[in-house]
Amino acid sequence: MDRMERYLKPTPTIDSDHSSIKERAQNLIRGKLEAADKARSLFYWVRDEIKYNPFLALEVLENYRASKTLERGQGFCIEKAAVLAAFARAVGIPARLHFADIRNYLVSDRLLKVMGTNLFSYHGYTELYINGKWVKATPAFDLKMCRKNRIMPVEFDGQNDAILHSHNLDGKLHIEYVKDHGYREDVPADEILFAWDRHYGLEAQQERLNHYIEAEKAQHQRR
């Protein structure tokens with residue numbers, strides 16, 4: 001298979017051939033002729049219209065599928081990166097996923113209680129092949145969340161790398177890239193779950209996460 005062809009084909013998670021993915025992607029690039037302009041439109045829609053939510057069941061691999069995240073309207077970094085990759089492949093832009101361990105020095109107290117650490121293992125973002133080179137695009141944090149938490153939003157011009165910023169709007173240390181895991185054609189689920197189990201203890205973390213989700217549901221019902 002041609003080297004670039006690999007990054008245009010659908011995969012189990014990046015299901016770029018799904019009708020909802022194809023329809024949405026085509027609508028978003030309508031009137032755009034250049035790949036960079038198309039990529040920028042896709043990026044901003046995923047960044048802001050799919051709410052960042054790290055409190056989703058980690059072991060349910062169905063949650064990672066791009067079409068499911070699109071339907072759900074929320075997801076964390078890997079899930080949102082998969083949607084952007086699926087959109088890109090659906091409109092003929094080669095796309096792949098890249099993974100890295102990062103430290104979030106401004107992680108919320110509630111997320112810190114669930115994870116037990118500020119290390120985010122296998123943070124995921126998208127890489128798009130535009131004008132002869134791979135460009136990084138990180139759609140994880142939506143603009144509404146950024147404004148609420150004084151986070152510097154990631155901006156993407158379709159030509160230059162767009163990754164999480166090292167400091168927030170107040171100059172406080174925010175994100176540190178710790179270890180690079182390279183790129184993949186699809187979400188390497190087994191590899192990620194193994195790493196998460198090593199870092200967090202998946203069973204214990206899932207128990208903490210489920211407890212948090214149930215508490216949030218109960219609080220919502222009392223309102």
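Some points to look at:
- With the helix formula -39500 (n - 2.57) applied to DSSP H stretches of n ≥ 4, the chain reaches a computed 222 nm mean residue ellipticity of -13000 deg cm²/dmol.
- Residue 44 paired with residue 185, simple spin-label distance in nm, labels 7 Å along Cα-to-beta-carbon: 3.3 nm
- For the pair residue 111 and residue 161, label points projected 7 Å from Cα toward Cβ lie 2.1 nm apart.
- With Cα atoms, 0 to 90° folded angle of helix 35-49 axis to the chain main axis: 20 degrees
- Using distinct alpha-carbon pairs, which all enter the 1/r mean, Kirkwood radius of the chain in Å: 17.8 Å
- Taking each residue as 0.36 nm, the span from residue 169 to residue 71 lengthens on full extension beyond its C-alpha to C-alpha distance by 32.1 nm.
- Reciprocal of mean inverse Cα separation for the range 70-196 (Kirkwood radius, Å): 15.3 Å
- Structural size metrics of the range 109-161, computed from C-alpha coordinates, are Rg and Dmax of 14.3, 43 Å.
- Helix 19-28 axis, angle to the chain major axis (alpha carbon atoms, nearest 10°): 70 degrees
- Separation of the range 166-201 from the range 86-125 is 6 Å, based on Cα centroids.
- Cross-link table 32/68; 32/136; 38/80; 51/113; 22/144, entries beyond 23 Å C-alpha to C-alpha: 32/68; 22/144
- At an R0 of 35 angstrom, the distance between the Cβ atoms of residue 149 and residue 30 translates into a FRET efficiency of 0.60.
- Ordering of 123-129, 88-94 by packing is 123-129, 88-94, highest average first (other Cβ atoms within 10 Å, averaged per residue).
Each value in this text was obtained by applying a stated rule to the coordinates, not by laboratory testing. All figures in this text were calculated on a predicted structure; none of them were measured in a lab. Please note: Cβ atoms are built from the backbone with ideal geometry, for glycine as well, and neighbour counts cover all protein chains shown.
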